[in-house]
Amino acid sequence: MINLTISEALEKLNSGEISAVELTKCYLKRIEKYGADLNCYITTTPERALADAAASDARRAAGTALPLDGIPIAMKDLFATRGIRTTAASRMLENFVPEYESTVSQKFIDAGTVLLGKANLDEFAMGTFSKTSFFGAPVNPWQMEKRLTAGGSSGGSTSAVASGLAIAATGTDTGGSIRFPAAITGMVGMKPTYGLCSRWGCVAFASSLDTPGPITRTVDDAALMLSAMAGHDPKDSTSSTHGFTCNGPLEPILGDGKKLRVGVIKEFTNVEISNDMKTLFDKRISDLKSMGAEIVEVSIPNILDALAAYYIIAPAEASSNLARYDGMRYGLRVEGHDIYDTFKKTRAAGFGDEVKRRMIIGTAVLSSESYDVYFMQAARVRRMIADSFNAAFEQCDLIICPSSAGTAMPLDSGLSPLEFYALDLFTVAMNLAGIPACSVPCGLAQNGLPLGMQVMGRRFDDMRVLQLAKHIESVASVDNRPTTIMGK
Ligand code: GLN
């Protein structure tokens, strides 16, 4: 059962071959067996899952099945879930039980899914290996004995889906947190257009960049998940009315003489990447050509400055968003001798080092001496990057690029903060521009580990992004079931 895609599972559920309770029990058993080793869940919700599944079976029997009825999923522990602990992987929220449901998780309830648990992540989604989690890092199920990172910040989600401990999961992507972890675990990670999925009830990191999206084993599954997640939400002022609907398999956009111009970013061709990534990326380009795509070189002149701009804008917004954790209203509180001392002691104890670093950087770049030279400059770079993408999309329909320079690294690689930040080179520009980007497996490296590449499109061109990603998925034809755990 764990090898079923969402649409295959739905078919079997609809035909009565399997029940939602059976499917859920199968996942719960695997979570019991492997969950602790992989550390992909912060909280598991077996009772809720079984109740969800029973309700789903009842709906199906009554002929009122919902679009994703009975599909067992993991929810990144950044989405508030009513009555279920929501930690953002921080000590600050270790015991926080929300009284409300995030829009995205509510939409999954409305679609009939089964909640298996809350997936591990970097603390407040700040990080790249999920190592900043207060609950310890999740592990990549590929070559498990090597203890590789499942990426971050949605590393618990990718670890869970890659290892068959959930059919699919939600993630959030502020600077690459869906796409990077998906790429290095062999999964599909879709960062939709900013505003397509509501941020309401999702713990805020950098509000102008935060983008909820799905992590799945196949591109078709990503489209089904996105369909459930997307939609206008009056509770999020940046939510769009565009919406996204997909009920069945994605339609081809190549073949049969169809015309498609696919852009390759000139500035990225000089960036050092592994030989494997280069070989696989070039292979997929020639595949696309032979399928009839026209490959054009496009220029995003400031794209290499995206990293610097991101690491000013994201911490600036974070420093403002995280000011709410002061021990007064909710979360951890460490008593001091007066109110300021309580603030100080609470924050010192509640936040980890990386979160503190971001708050310090963010506060510094927003200070009156630095605002013009840092924050405003970064905002200008951001605008130029968005404009360059718009100009590039005059010359092509979609753009492709690698998702990362290389394969998953060991969790104990001992990278400095700056080295971690540099890993986001291929992903942050799309958040600054707000455009959709999907990472799709493009092959296995010589060391047997998966690599991914991205497809980007104009704002709200999410459908075509997924359509091209599906073509790449099918020519790359990666078996993305890690042998150690998917029992081949
Ligand atoms: N790795 C990036 C960071 O640390 C991106 C994180 C994210 O997208 N949430 O900020």
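The values are calculated or read from the model by the stated rules, or taken from the named source; none is laboratory data. All values derive from a computational prediction rather than experimental measurement. We place every Cβ from the backbone using ideal geometry, glycine too, and count neighbours over all the protein chains shown. Note: accessible area is taken over every heavy atom of the protein model, side chains too, but ligands, DNA and RNA are not part of it. Shrake-Rupley method; radii C 1.70, N 1.55, O 1.52, S 1.80 Å.
Cβ-Cβ distances below 7 Å connect the following pairs, each with a first residue in segment 128-149 that is at positive phi, a second residue that is in a loop (DSSP other than H, G, I, E, B) and hydroxyl-bearing (Ser, Thr, Tyr), and a separation of six or more residues or different chains: Ser130/Ser153.
From the list Ala137, Ala88, Ala62, the lone residue that is more than 16 Å from the ligand (Cβ to nearest atom) and either closer than 30 Å to Leu13 by Cα or buried (at least 19 other Cβ atoms within 10 Å of the Cβ) (or both) is Ala62.
Annotation note: of His242, His232, the sole residue that is away from the ligand (no atom under 16 Å from the Cβ) and either assigned to a helix (DSSP H, G or I) or free of Cβ contacts under 8 Å to residues at least 40 places away in the same chain (or both) is His232.
Among the residues making up segment 349-377, those that are under 28 Å from Val97 (Cβ atoms) and open to solvent by 60 Å² or more (accessible area, probe 1.4 Å) are Asp353, Lys356.
Kindly indicate which of Thr245, Thr269, Thr241, Thr218 is out of contact with any Cys (no Cβ under 6 Å at 6 or more places or on another chain), of a type in the set (Ser, Thr, Tyr) and more than 30 Å from Asp69 (Cα to Cα). Don't jump to the end; show me each part of the working.
Values: Thr245 fails: more than 30 Å from Asp69 (Cα to Cα); Thr241 fails: more than 30 Å from Asp69 (Cα to Cα); Thr218 fails: more than 30 Å from Asp69 (Cα to Cα).
Step by step, each of Thr245, Thr269, Thr241, Thr218 is checked, and only Thr269 is out of contact with any Cys (no Cβ under 6 Å at 6 or more places or on another chain), of a type in the set (Ser, Thr, Tyr) and more than 30 Å from Asp69 (Cα to Cα).
Those helices (runs of 4 or more DSSP H) of segment 386-485 in which at least 1 residues are without any contact (Cβ under 8 Å) to a residue 12 or more places away in the chain, charged (D, E, K, R) and surrounded by fewer than 24 Cβ atoms within 10 Å (Cβ to Cβ), considering only elements entirely within it, cover 417-422. Lys345 meets each of the listed conditions (1) in contact (Cβ under 8 Å) with a residue 24 or more places away in the chain; (2) over 30 Å from Val264 (Cβ atoms); (3) part of a helix (DSSP H, G or I) apart from (1).
So which of Thr218, Thr193, Thr245 is open to solvent by less than 20 Å² (accessible area, probe 1.4 Å) and on the phi < 0 side of the Ramachandran plot? So that I can check it myself, show each step before the final result.
Working: Thr218 fails: open to solvent by less than 20 Å² (accessible area, probe 1.4 Å); Thr245 fails: open to solvent by less than 20 Å² (accessible area, probe 1.4 Å).
Criteria check complete, one pass: Thr193.
Quick one: which residue in Leu93, Leu116 is out of contact with any Lys or Arg (no Cβ under 7 Å at 6 or more places or on another chain) and within 27 Å of Asn480 (Cα to Cα)? First the steps, then the outcome.
Numbers: Leu93 fails: within 27 Å of Asn480 (Cα to Cα).
Only one candidate passes the filter, namely Leu116.
Looking only at segment 162-203, which residues are among the polar types (S, T, N, Q), more than 8 Å from the ligand (Cβ to nearest atom) and more than 20 Å from Val478 (Cβ to Cβ)? Full working, then the answer.
Step one: filter segment 162-203 for residues among the polar types (S, T, N, Q), giving 163, 170, 172, 174, 177, 185, 193, 198.
Narrowing the set further to residues that are more than 8 Å from the ligand (Cβ to nearest atom) leaves 163, 170, 185, 193, 198.
Passing the criteria: Thr170, Thr193, Ser198.
Residues to consider are Ala150, Ala206; find the one that is within 16 Å of the ligand (Cβ to nearest atom), at pLDDT 95 or above and under 15 Å from Ile485 (Cβ atoms).
Numbers: Ala206 fails: under 15 Å from Ile485 (Cβ atoms).
Being within 16 Å of the ligand (Cβ to nearest atom), at pLDDT 95 or above and under 15 Å from Ile485 (Cβ atoms) holds for just one of Ala150, Ala206, which is Ala150.
When segment 13-51 is filtered for residues that are closer than 23 Å to Ser227 by Cα and open to solvent by 60 Å² or more (accessible area, probe 1.4 Å), the ones remaining, listed by number, are Asn14, Ser15. Filtered by the rule that a residue be surrounded by fewer than 15 Cβ atoms within 10 Å (Cβ to Cβ), in contact with a strand residue (DSSP E or B) (Cβ under 8 Å, 6 or more places away or on another chain) and of a type in the set (Gly, Ala, Ser), segment 282-306 gives Gly292, Ser299.
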